[in-house]
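Everything below concerns the one structure shown next.
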Amino acid sequence: MILKKCLAAFILASSAFSSLSATANAAAQPKISFENYVNQLKQQALAKGFSSKLIEQSFANITFHKRAVKADKNQPEQVETLETYLPKRVSDWKVKKAREMLKTHAKELDKIGKQFGVQPRFIVSLWALESNFGKITGNYSVISALATMAYEGRRETFFKNQLFDALTILQQGHIKVENMKGSWAGAMGHNQFMPSSFLAYAADGDGDGKKDIWNNTSDVFASIANYLKKVGWNSDITWARQVQLPADFDYSLAIPQKTGGRKPWLKHWSRTEMKLADWNSVGVRTYNGGQLPKVDINAAMVFPDGEQGRAYLAYDNYKSLMHWNLSYYFVTSVGHLADRIKFDQ
């Protein structure tokens, strides 16, 4: 019996050692070259039904972008508050420029705003904050950037899927491969759509059969508006309002600052949202200290900087902006700029 136990222990230890050795050997295996990795991508694209001609054209001038990998690994982690963030993101010159763009493109913005049910000031605000009105869109080859990020490996599946979506965009004829430029992560055009977002939300604003978010403002505006509409935008309401809290405010009524992702965040929203009348009854007041409006609207309480910072009653459109970018700071900057476009006249 003892011999059997010893033998079993020996076999178990040997198995564990073999497993560790295999893992170590795998880790020691040199990574395949970027060239070979691209060849694998091309074979996978072919298996997905993309034509050989499209694949060869798309990958003809592919390069490995070391700067993209460096940017991905070294994204800045700055400690900000809304008091420091908003003046930089929503500067006076940007507000002035946004108002000018609203007037310059008034005809097409009004048409698209009515078509999709999205206020033009929010379209312009997203345009301003995503790409500085189309001036900063990135100059990386999207195919090269996505292949580089997939090869880097940290989020390989995500970036490979984005690469195949990019091939679909090229296959549909919306842009030529040499003009398909974007950020180091593959975000494209004036509205910085990832390829998957392009396929889901990009719209043809001028009816020419293409969805050109790189050069055509009608398509850019329509794509922004279509995105918001598809994720629940309501043009009858705004995004949020900054409020004052009573000294005895029950913070369990608010959405926690950190929830761990979109799904749990939405669950907290559903759990905590109330009518404005209910928020009024627990002592919440407008930023100027007055009673909340007597309108039948639901709202949830959010604290972008935590309980000691600004408090906002967020309306359903806030959820649409959080779908675009799950960041309190980003959403606040979009709403803040849209409000200043409206009121700083």
| Label-point separation in nm, Tyr251 to Lys230, each point 7 Å along Cα→Cβ | 3.9 nm
| query | From a point 7 Å beyond the Cα of Phe158 in the direction of its Cβ, which residues of the range 35-69 have a backbone N at a distance under 20 Å? | reply | 65-69
| Taking the Cα centre of each part, how many Å lie between the range 162-201 and the range 311-343? | 25 Å
| remark: Non-local residues with an amide H under 5 Å from the amide H of Ala240, with H modelled 1.01 Å from N and Pro and chain starts lacking one, are Tyr315
| remark: Computed over the chain: longest principal axis from alpha-carbon atoms vs helix 120-131 long axis, angle to nearest 10 degrees, is 40 degrees
| the chain - mean residue ellipticity at 222 nm from DSSP helices (-39,500 (n - 2.57) per run, n ≥ 4, rounded to 500) | -17000 deg cm²/dmol
| said: Placing unit charges on C-beta atoms (Lys and Arg positive, Asp and Glu negative, everything else neutral), compute the dipole magnitude of the range 240-314 about its Cα centre in debye, rounded to 20. | reply: 300 debye
| query | Once a ≥ b ≥ c are taken as the square roots of the eigenvalues of the Cα gyration tensor of the chain, is the result rounded (a/c under 1.5), prolate (a/b larger than b/c) or oblate (a/b not larger than b/c)? | reply | oblate
| remark: Per the 1/(1 + (r/R0)^6) rule, R0 = 25 Å and r from the Cβ atoms of Lys31 and Lys181, FRET efficiency to 0.05 is 0.35
| field | Calculated on alpha-carbon atoms, Rg and Dmax of the range 240-314 in Å | value | 11.8, 34
| field | Vicinal HN-Hα couplings computed from phi for the range 147-161 (Karplus, 6.51 cos²θ - 1.76 cosθ + 1.60; Hz; Gly/Pro x) | value | 5, 4, 5, 5, 5, 4, x, 5, 9, 4, 4, 4, 6, 5, 5
| Other-chain or far-sequence residues with amide H under 5 Å of Ala311's (modelled H) | Val243
| Which whole-number percent gives the relative contact order of the chain, counting Cα pairs below 8 Å spaced six or more residues apart? | 16 percent
| query | Put +1 on the Cβ of every Lys and Arg and -1 on every Asp and Glu Cβ in the chain; which of Asn191, Thr148, Val295 then has its Cα farthest towards the positive end of the dipole? | reply | Thr148
| field | Surrounding net charge for Leu146, when Lys and Arg each add one and Asp and Glu each subtract one, Cβ distance under 10 Å | value | 0
| field | 3J(HN,Hα) from dihedral phi, the range 90-97, Karplus parametrisation 6.51/-1.76/1.60, rounded to Hz, x for glycine, proline | value | 10, 6, 4, 5, 6, 4, 4, 5
| task | Taking the Cα centre of the chain as origin, work out the dipole magnitude from +1 charges on Lys and Arg Cβ and -1 charges on Asp and Glu Cβ, in debye rounded to 20. | result | 520 debye
| request: Can you tell me which of 135-147, 213-225, 33-45 comes out highest on packing, and rank the rest after it, using the mean Cβ neighbours within 10 Å? | output: 213-225, 135-147, 33-45
| request: Specify the angular offset, from 0 to 90 degrees and rounded to the nearest 10, of the alpha carbon long axis of helix 2-28 from the longest principal axis of the alpha carbons in the chain. | output: 70 degrees
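Each value in this text was obtained by applying a stated rule to the coordinates, not by laboratory testing. Quantities reported herein were computed from a predicted structural model and do not represent experimental measurements. Positions of Cβ are generated from backbone atoms using ideal geometry, with glycine treated the same way; all protein chains shown enter the neighbour counts.
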